[in-house]
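One structure is given here, and the rest of the page talks about it.
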Amino acid sequence: MLNTEFQSPTNYLVLRKFFKIVLILIPLALVGNIVYVVLTTSPEIFRNLEKIDSRYFVLAAVLTLLPWLGQSAGIIAWSRVFKVNLAPSRALDVVLASDIGAAITPTILGGGYVKLAFLVNYGFTAPQAALVMFLGGVADTVFFALALPAAVFWTRTWENPHIIKIWREITSHWPVVATIGIILIAILVFLKKIKTKHSPDRKPAHDSLFSTIRSAISKFKTDFIVALKFVRGNGKVVFLATVFYSGLGWCGRYGAVSALVVGLGYHVDPVLFFLLQWVVFTTMTMIPTPGAIGGAEVSFALIYDGLIPSSVIPLATAAWRFVTFYMTVGLASAIFAVFRMKKFSNVKKQGEIPVTEKTKIPR
């Protein structure tokens, strides 16, 4: 267990770089959203803004923050299994840092590396931290494996004209989807080559894409077997609890849009909107921009067109994106800035973290 909160400069330097990017990227994207709403929304909509029920916007904000609670609870639960003395504030640190990291990287990459670094820095061994992250992904998978079929049957998706329309739109644009897929694969291969190039046991340059994919699948199978054995022997109850925490977080995040639309004065089907939010968030993973900026808004507008009046789509899109992305990233950054930077400064003054311009982040 670490004796000090910041045994190495990793956390300080990582967050310092993150804040610099967030302070530039997020405001620019937010301004872009505001300009988009002003240019595409009719004056009549703005004149009726006083009719909006602000209580539902507060509810949407609260629902969006539920993933923080769920993920923190899951990390604390596993820390008890591994006998790591992890305070709730540190678990929240891990979650917030991961969210900030995910905001400035392509969605498909997420904030995994940041989360791993913080878990290790807060007392987990590297294998334990990797296992906690992997089990978190498995918990998400189990939840959606149960929730999505239930939502499909509840909404009778196969008969829903809106879902049929979305499917036709996706299939009619398969060349675009295929191109995005190829680009993503190229990016992953490029990143893999960079990692391999700087690895001491790097593989030959002639390694094929298929061998890389085969290696990834093999690694996943190995990790899954290890995780399964661990859960069977040490944490069946804890794992079930993390599935519940995962479901709580996803229901909150996906339920925020229903609260927003009700606040705008329109009827919603919460289960259908939950299902469509899964489609939106899944689509976002194929968008290579940091935090899926730009692409997320387009995906939302296309998928919800028809369920929300076209005249209100720009406003609904901006409100949804603000609550589910800009607000959460901004709040996470503010929490670190207000409650953590003072500790960083104190530790730095005491000489425990020799931070200089030439200091490099450990790989």
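FYI, it's all coordinate maths here, none of it is from the lab. Everything numeric in this text was worked out from a predicted model, so none of it was measured. Don't worry about glycine lacking a Cβ; one is built from the backbone with ideal geometry, like all the others, and counts go over all protein chains shown.
If every alpha-carbon in region 250-316 counts as one equal scatterer, what log10 I(q)/I(0) does Debye give at q = 0.12, 0.25, 0.28 1/Å?
One equal scatterer on each Cα of region 250-316 leads to -0.29, -1.18, -1.35.
How do 166, 75, 293 rank when sorted from fewest to most other Cβ atoms within 10 Å of their own Cβ?
In order of increasing Cβ crowding within 10 Å: 166, 293, 75.
For region 50-107, count the residues as N, evaluate 2.2 N^0.38 Å, and divide the Cα radius of gyration by that value, please.
The reported ratio for this selection is 1.49.
Need the full-extension length gain, residue 335 to residue 62, defined as separation in residues times 0.36 nm minus the C-alpha distance. One decimal, nm.
Value of the extension gain: 96.7 nm.
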